[in-house]
Amino acid sequence: MSNLKLGVEVVSAHDLMPKDGQGSANAFVELHFDHQKFRTTTKEKDLSPVWNEHFYFNISDPNKLSNLTLEAYIYNHNKENNSKSFLGKVRLTGTSFVPYSDAVVLHYPVEKRSIFSRVKGELGLKVFVTDNPSIRSSNPLPAMDSSLFTETRSTQAQAPEQQIPNPVPQLFSSERSETRHTFHHLPNSSQPQPQTQSQPQPQPPVQQSVPASGPQQTMNYGIHEMRSPQAPRIVRMFSDSSSQPADYALKETNPFLGGGQIVGGRVIRGDRTASTYDLVEQMRCLFVRVVKARDLPTKDVTGSLDPYVEIKVGNYKGITKHFEKKQNPEWNEVFAFARDTIQSSVLEVVVKDKDLVKDDFVGIVRFDMNEIPTRVPPDSPLAPEWYRLEDKKGDKVKGELMLAVWYGTQADEAFPDAWHSDAVTPTDSSSAISAHIRSKVYHSPRLWYVRVNVIEAQDLVISEKNRFPDAYVKVQIGNQVLKTKMVQTRTMNLVWNEDLMFVAAEPFEDHLVLSVEDRIGPNKDETIGKVVIPLISVEKRADDRIIRSRWFNLEKSISAAMDEKQAKKDKYSSRIHLRVVLDGGYHVLDESTHYSSDLRPTAKQLWKPSIGVLELGVLSADGLHPMKTRDGKGTSDTYCVAKYGHKWIRTRTIINSLSPKYNEQYTWEVYDTATVLTVGVFDNNHVGGSNGYRDTKIGKVRIRLSTLETGCVYTHSYPLLVLHPSGVKKMGELHLAIRFSYTSMVDMMFQYTRPLLPKMHYVRPLTVMQQDMLRHQAVNIVAARLSRAEPPLRKEVVEYMSDVDSHLWSMRRSKANFFRLMSVFSGLFAVGKWFGEVCMWKNPITAVLVHLLFVMLVCFPELILPTVFLYMFLIGLWNYRFRPRYPPHMNTRISCADAVHPDELDEEFDTFPTTRSAEIVRMRYDRLRSVAGRIQTVVGDVATQGACSCGWVLLYEASQV
């Protein structure tokens, strides 16, 4: 019989549907798996119960585990008739089961049992597979009777301490072990849970590793979760509501970074000197640079050699590319091994000969790990040396290998392009460094608006005689195509005078192509002539000055239009009158205006000096949701992308880890504080993935720079909240360190006196339709350009980071924006209500004081302004203590994501155009009309009140005259 068992920890649930008629519920959970059932205790009068109970199921056939499902049903117990009512269910497939070491607590949105079920809330489960023979399966589910629900402990009291899988060595205190999972628990999970029967809860196994030297913490790549020096503190923002789950809140951490301990946003320096990488945890690596070889021995029979080098450190092995028939190869490749995962005292560098059957041994160079030097930047790179090859017995053989071996950190210039041991599994023997897992920095192209003013055309020549053309002009730049209106006249000279706007990127690879089309029949057009204008020859401007227009000859084909000599020969031909200009006074929007990371105009002449520096340390991620299955367990191959301004960064991909550690630091110049930094987490599908190599989005975080205090280091763990068709889902947490430093206080304060967008957006504004169309084209151009880099930044990544679909209709977003708008006017409404109470003498003392103040201001009108300013100062002083201390994060209450209707979610995730049936579309249209009617009424009331106020002001002024 197999010892393989499925362990399920029922942690908690929250925000369940009340079912007992008194606004609460008596909740318990039933687990169904492989024809086995278990039940938790009942938590009376609790809509957010906490169980923390463990169950173990027998797995009858491990080969069929992927086809099995675990179902968790939440019921409400009715004591009167000893019945149960459905509260929701969670269904997990066998492909998502992972070993105990990789298991984390995940909160799953509950699902309906049928279309008529009414459910809400989430259920927190920890599901894992273990083969520990000391664990016994749980007792079978007893019959449901009244005594079952009065017990304080359910049938899960069968896991004594000696039966816990892989007991934890006493390396940490119990309090420290408990705080490691605070990222995944509900509000009270950051504190130790009460234990019954004096049995400790199971702890995840910890593998021993070689500790790093110095005061730095021990780090294990792709194996353990991040260990913080202390438990993270939940930070509640000024906008947080009491209904905001603590699991969705921002958590402040105090990690030990390269510059020292971070406490309260300030750096307490350690013993070692701080480097440029002072916002990340210092990662010590063993670097091996394989430069070249010479005089390698050849085979006795063939006289040829196909050499490559294999670097072995413990269980990790890196391999260079191989050369064919070359005795003096040059590789110049760097390999980086995480020092904390090295379990060997010897470094072996082996030269081998590539063979179809079995690779032949050529020579080896061994290094004692204790004798390898340490390099600390800004020291110069370590000079490589020649080493004589040895055979397996240690005798010298023919051939030499040039190597450089040293200990360093991620501050080393060889780190970004190196092969990394945490980017492969310990048994991986890949022969090449994959370009899709390296960390890189990208720069998006500089975008321009192209304004084409189609004025008129003369002497048009059409194929049919005795007929006047019904002509329009089609303008194209790359994939962008726009058309003018069709003109019908009784002449061969047509006038349009229309402005068309396009987006182009430097360097200008595409040409501006115009063609005059004649409508000769339904859906049948004939080209009268074409013009090709290279964008590099188009005049640029940074303001709204008038650019002179030009006449262009129309040619029959594109090749003829691009031939300048042919154009000079044809003196008498059809012509078109155009005014073409590159508008550099605008900022080309490639992201949402309220989430923009750059507001500078395109023309560099209009740029102001930078006002500061933004530093970002991407530390780690924790509790990520598995995005793929490998070796029978759920895993992810994740990397982070950050965007600010024209600079995009991509961290290296950490393979096969749900708690990856990146520890990479990047810097941006800041030109405006009213900008937003966006950091996203993605799963790399180029590494053993499917989905057509489309990288899967996991979540993203936005930080507004105007909420950051200058010179302060912010170290927080941000929950990755994603809206799914089933509701809000937490995909994990991202640990970041951020610091904003200004270079000039005067320049930074001057930015608050300037408008948000450049001057041209107000002098010659674009329509809403133009902005949406041009933004869509700008995102496509940036995605196409970045996808041509190596490694490519995929189109789906750029679109997700730029919110390409933010313009689409969403009932949820509309409601959220309407409530935000009402909150803006809530102060005015409160003042009006207070004034009405004064007029009605509801509070006599307040009414008397207000009348005395009114009489005083009438007698002494020069005190009006000082009184108003004094009142504003006192209000600001009173509210100063409620100011936000930390950068705000997504609030599910404000965004209406916590109580959205399922049909509204389905509408939000529907494609455009819709794929739903006509009945559903009609229902949604009627709902939209009703909502629009209510908004129309509110806007009308506001306009009426405003008009009445203006009328009273005009009457007062007239009476004074």
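If the requirement is being among the polar types (S, T, N, Q) and closer than 30 Å to residue 621 by Cα, which of these qualifies: 744, 806, 814? Testing whether each residue is among the polar types (S, T, N, Q) and closer than 30 Å to residue 621 by Cα leaves just 806. Only helices (runs of 4 or more DSSP H) whose full extent lies in segment 772-874 are considered here, and the ones with at least 2 residues that are free of Cβ contacts under 8 Å to residues at least 12 places away in the same chain are 811-824, 826-839, 844-859.
One residue stands out in segment 744-761 among those that are touching a residue at least 60 places away in the same chain (Cβ under 8 Å) and among the polar types (S, T, N, Q): the one that is nearest to residue 601 (Cα to Cα), namely 751. Among the residues of segment 701-724, are any within 21 Å of residue 792 (Cα to Cα) and assigned to a loop (DSSP other than H, G, I, E, B)? The answer is no; no qualifying residue exists. Can you name the residue in segment 315-358 that is out of contact with any His (no Cβ under 9 Å at 6 or more places or on another chain) and under 15 Å from residue 389 (Cα atoms) and is also surrounded by the most Cβ atoms within 10 Å (Cβ to Cβ) among such residues? By that ranking, first place goes to 351.
Assess whether residue 12 counts as being at pLDDT below 85, outside any loop (DSSP other than H, G, I, E, B) and either on the phi < 0 side of the Ramachandran plot or buried (at least 20 other Cβ atoms within 10 Å of the Cβ) (or both). The answer is no for residue 12.
Scanning segment 718-742 for residues that are hydrophobic (A, V, I, L, M, F, W, C) and within 28 Å of residue 907 (Cα to Cα) returns 720, 721, 722, 723, 728, 731. Are there strands (runs of 3 or more DSSP E) fully within segment 257-314 with at least 2 residues that are surrounded by 19 or more Cβ atoms within 10 Å (Cβ to Cβ), at pLDDT 85 or above and not aromatic (Phe, Trp, Tyr)? List them. Where strands (runs of 3 or more DSSP E) fall fully within segment 257-314 and carry at least 2 residues being surrounded by 19 or more Cβ atoms within 10 Å (Cβ to Cβ), at pLDDT 85 or above and not aromatic (Phe, Trp, Tyr), they are 285-294, 307-313.
Among the residues of segment 51-74, the one identified as open to solvent by 20 Å² or more (accessible area, probe 1.4 Å), touching a Leu at 6+ places or on another chain (Cβ under 7 Å) and part of a strand (DSSP E or B) is 69. Filtering 467, 490, 446 for residues that are at pLDDT below 95, open to solvent by 20 Å² or more (accessible area, probe 1.4 Å) and touching a helix residue (DSSP H, G or I) at 6+ places or on another chain (Cβ under 9 Å) leaves a single hit, 446. A single entry from 454, 475, 495, 461 fulfils the requirement of being closer than 30 Å to residue 772 by Cα, hydrophobic (A, V, I, L, M, F, W, C) and surrounded by fewer than 19 Cβ atoms within 10 Å (Cβ to Cβ): 495.
Checked against (1) at pLDDT 85 or above; (2) open to solvent by 20 Å² or more (accessible area, probe 1.4 Å); (3) of a type outside the set (Lys, Arg); (4) more than 30 Å from residue 791 (Cβ to Cβ), residue 363 passes all but a single condition, namely (2). Within this structure, residue 745 passes the test of being over 23 Å from residue 478 (Cα atoms) and modelled with pLDDT under 90. Kindly indicate whether any position in segment 905-920 is without any contact (Cβ under 8 Å) to a residue 60 or more places away in the chain, more than 30 Å from residue 121 (Cβ to Cβ) and out of contact with any His (no Cβ under 6 Å at 6 or more places or on another chain). Yes, segment 905-920 contains at least one residue that is without any contact (Cβ under 8 Å) to a residue 60 or more places away in the chain, more than 30 Å from residue 121 (Cβ to Cβ) and out of contact with any His (no Cβ under 6 Å at 6 or more places or on another chain).
For residue 765, the requirement of being without any contact (Cβ under 8 Å) to a residue 24 or more places away in the chain and of a type outside the set (Lys, Arg) is met.
The values are calculated or read from the model by the stated rules, or taken from the named source; none is laboratory data. Model, not experiment: these values are computed from the prediction. When we count neighbours, we look across all protein chains shown, and the Cβ atoms used for this are built from the backbone with ideal geometry, even at glycine. Just so you know, the surface numbers come from the protein's heavy atoms only, side chains and all, with ligands and any DNA or RNA stripped out. Shrake-Rupley method; radii C 1.70, N 1.55, O 1.52, S 1.80 Å.
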